[in-house]
Amino acid sequence: MSKTESILDAARQRANGQPYAGAVTPQEAFELLQGDPKVKIVDVRTNAERDWVGRVAVPPAQHVAVEWATWPGGQPNPAFGAQLESVAGKDEVLLFLCRSGVRSRHSARVATELGYANSFDILEGFEGDRDQEGHRKTVGGWCKAGLPWVGA
């Protein structure tokens, strides 16, 4: 079994019973991206979050942005499905990323319902949960894991 297959198998087991393919840790997501140039992160945070907080530093072909909710106002993005279709194929491995792992789960579920069978949630998100002082990037997530990112 290849490393990619091993990670995806563990991700499927970790999210057994969920309405999407599985759940990966930030480190596993990064390993998948490094191991297969066809794997994509679907960043479902708002454009403002990516601009003001930061974004993953992976090759542009592996990083696509489809807002789950729009900015300003936080309303559900009515074009989510159409926008996803314009940047991802239904047979691709898609890793959904948000701030802390909530919107990514919803996005992975909806993507699965739309026929993207390899939709995975990235646990902990980009910034992770808040610490005792209310700060992010210190408890969990892509940034805390020391994975490459750029921005604020």
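The values are calculated or read from the model by the stated rules, or taken from the named source; none is laboratory data. Please read all numbers here as calculations on a predicted model, not as lab measurements. Here the Cβ positions follow ideal geometry from the backbone for every residue, glycine too, while neighbour counts run over all protein chains shown. Note: areas computed on protein heavy atoms with side chains; ligands, DNA, RNA excluded. Shrake-Rupley method; radii C 1.70, N 1.55, O 1.52, S 1.80 Å.
For Ala48 and Arg130, the FRET efficiency from 1/(1 + (r/R0)^6), where r spans their Cβ atoms and R0 equals 25 Å, is about 0.85.
Sites listed here are GluC sites (Glu not before Pro) in segment 102-141 whose DSSP assignment is loop and whose Cβ has at most 13 other Cβ atoms within 10 Å: Glu133. Tell me whether the chain comes out rounded, prolate or oblate; compute the Cα gyration tensor, take square roots of the eigenvalues as a ≥ b ≥ c, and use a/c under 1.5 as the rounded threshold. Taking the square roots of the gyration eigenvalues as a ≥ b ≥ c, the chain is rounded.
Percent of accessible area on the chain owned by carbon and sulfur, 1.4 Å probe? The value for the chain is 50 percent carbon and sulfur by accessible area. Remark: spin-label model distance Gln13-Lys38 equals 2.5 nm, labels positioned 7 Å along the Cα→Cβ axis.
A straight Cα-to-Cα reach below 17 Å connects Lys90 with the lysines Lys38, Lys40, residues fewer than 8 places away in its own chain not being considered. Taking Lys and Arg as +1 and Asp and Glu as -1, the other residues whose beta-carbon sits under 13 Å from that of Ala79 total -2. By definition, a body whose alpha carbon gyration tensor gives a ≥ b ≥ c is prolate when a/c is 1.5 or more and a/b is larger than b/c, and segment 69-152 fits this prolate description.
Taking the Cα centre of the chain as origin and assigning +1 to Lys and Arg Cβ atoms and -1 to Asp and Glu Cβ atoms, the resulting dipole is close to 140 debye.
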